[in-house]
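Visitor: Next up is a structure, given as structure tokens.
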Amino acid sequence: MENLLLIFVCLFLGFVFKHIPIFPKNTHIGINTYIIWVALPCLALIYIPKLDFSFQLIWLAAMAWIIFGLSILFFKVLSKIFNWDRQTEGCLVLACGLCNTSFVGFPLLEFLYNSKQPLHYAIVCDQAGSFLVVATVGVIVAMNYGGDKPTTKIIFKKLFYFPPFLAFLLAFILLPFGGIEKLFFQFNGLEHIGTLLENVLKKLAAPLVALALFSVGLQIEFSKDNFKLLNPLFLGLFYKLFLAPLAIYFIYLIVFTEKNIVFQIGILESAMPPMVTGVLLAQEYKLNPKLGSFLLAIGIPVSITTVYFWYLFLIS
């Protein structure tokens, strides 16, 4: 129960503090920097080396790629039906084709399962899935809709200048050893160093849940002008919160032999709200910025309920 309360309290505090005049503006930038440069890399180094590599993990990563590919087709068709401009179409693809697998996904999964075990698998959805999508095809799509020409140099720069991705690669190197702690067990007399480093990583990653939710709260914004965008908003969230996880559910029924926790985490992560980074990327290329902000403002609070219903459906 306290984890559910934490979610709402952190979101609420972020939203309230944003409207306090003396509260520093753009605080979320500093918080996001800590999350991206410190907490997420630590999380990757803690959990990924402890995974037992299996065929199922590939489908965890594939989830984000499938949803993004389907979003391009889905919103292309809707754009022709409703005569949306390219900026609106591009915004919907980048926002609703990408899942908020970390900032909202990690806290929600921890609440639903009352355990950190789901994070072992959620980190795969996030790093090998959502992040790689936004840093590669996401950039290409954004530049295409924004009128720029994507280059290989830009894409590789985004990949290798992103600390969680570098930590993700290092974590895979540590996979045969089972993590930093067990790595040092290979050396007599150095066992305590591995335990010390592992504990430090855990403490650095510990604030991630509260900080991520508080940062999201700071970025939620409502405006009267936004309500002119109800049509793309509704259809975008209908795809992101219902159709996308439904598609993943039926695909997983085919490729998974049992409805285990990996099966559940993949679907729940696919049901997460629009990705903050995807919206920021859309805004960077001037792809209907107001719609992007509105998708976050409505999508994140609503997703807490819809993800919970998906969870009940999966465990029933």
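Computed from the coordinates by the stated procedures, all read-outs in this text should not be read as laboratory data. Everything numeric here is computed off the predicted structure, so don't read it as measured data. Please note: Cβ atoms are built from the backbone with ideal geometry, for glycine as well, and neighbour counts cover all protein chains shown.
Visitor: Mind checking the dipole of the chain: about its Cα centre, +1 per Lys or Arg Cβ, -1 per Asp or Glu Cβ, Debye to the nearest 20?
Guide: Computed charge dipole of the chain: roughly 720 debye.
Visitor: A follow-up question, please. Among ALA122, THR151, THR27, which residue has its Cα positioned farthest towards the positive end of the charge dipole of the chain, with +1 placed on the Cβ of Lys and Arg, -1 on the Cβ of Asp and Glu, and the dipole taken about the Cα centre?
Guide: Comparing the listed Cα positions along the dipole, THR151 ranks first.
Visitor: Taking the dipole about the Cα centre of segment 29-315, with the C-beta of Lys and Arg at +1 and of Asp and Glu at -1, give me whichever of TYR285, LEU218, PHE238 is farthest to the positive side.
Guide: About the Cα centre, the residue reaching furthest to the positive side is TYR285.
Visitor: Could I ask something else about it? Report the extension gain between PHE309 and PHE160 in nm, rounded to one decimal, defined as 0.36 nm multiplied by the number of residues separating them, less their alpha carbon distance.
Guide: 49.9 nm
Visitor: Pull out the extension gain between LYS203 and THR136, defined as 0.36 nm times the separation in residues minus the alpha carbon to alpha carbon distance; nm, one decimal.
Guide: Contour length minus Cα-Cα distance gives 21.0 nm.
Visitor: Oh, and also: With bins 10 Å wide starting at 0, give me the P(r) of segment 193-244 over every alpha carbon pair, in whole percents.
Guide: 19, 24, 27, 16, 12, 3
Visitor: Taking the chain as the reference, fit the longest principal axis to its C-alpha atoms, fit the long axis of helix 137-146 to the helix C-alpha atoms, and give the angle between the two in degrees, 0 to 90, nearest 10.
Guide: Roughly 20 degrees between the two axes.
Visitor: For the chain, how big is Rg over Rh, using alpha carbon atoms and the Kirkwood form of Rh?
Guide: 0.97
Visitor: Right, something else. Taking N as the number of residues in segment 177-316, what is its alpha-carbon radius of gyration divided by 2.2 N^0.38 Å?
Guide: Cα-based Rg divided by the globular estimate yields 1.41.
Visitor: Here's another thing I want to ask about it. To the nearest 0.05, what FRET efficiency results for THR151 and ARG86 with a Förster distance of 30 Å applied to their C-beta separation?
Guide: Details: r = 21 Å, r/R0 = 0.69.
For THR151 and ARG86, the calculated efficiency is 0.90.
Visitor: Can you compute the FRET efficiency between LEU169 and SER316 using 1/(1 + (r/R0)^6), with r the Cβ-Cβ distance and R0 = 51 Å? Round to the nearest 0.05.
Guide: Calculated value: 0.85.
Visitor: Here's a follow-up. What number comes out for the charge environment of LYS25, summing +1 per Lys or Arg and -1 per Asp or Glu over other residues with Cβ under 14 Å away?
Guide: The answer is 0.
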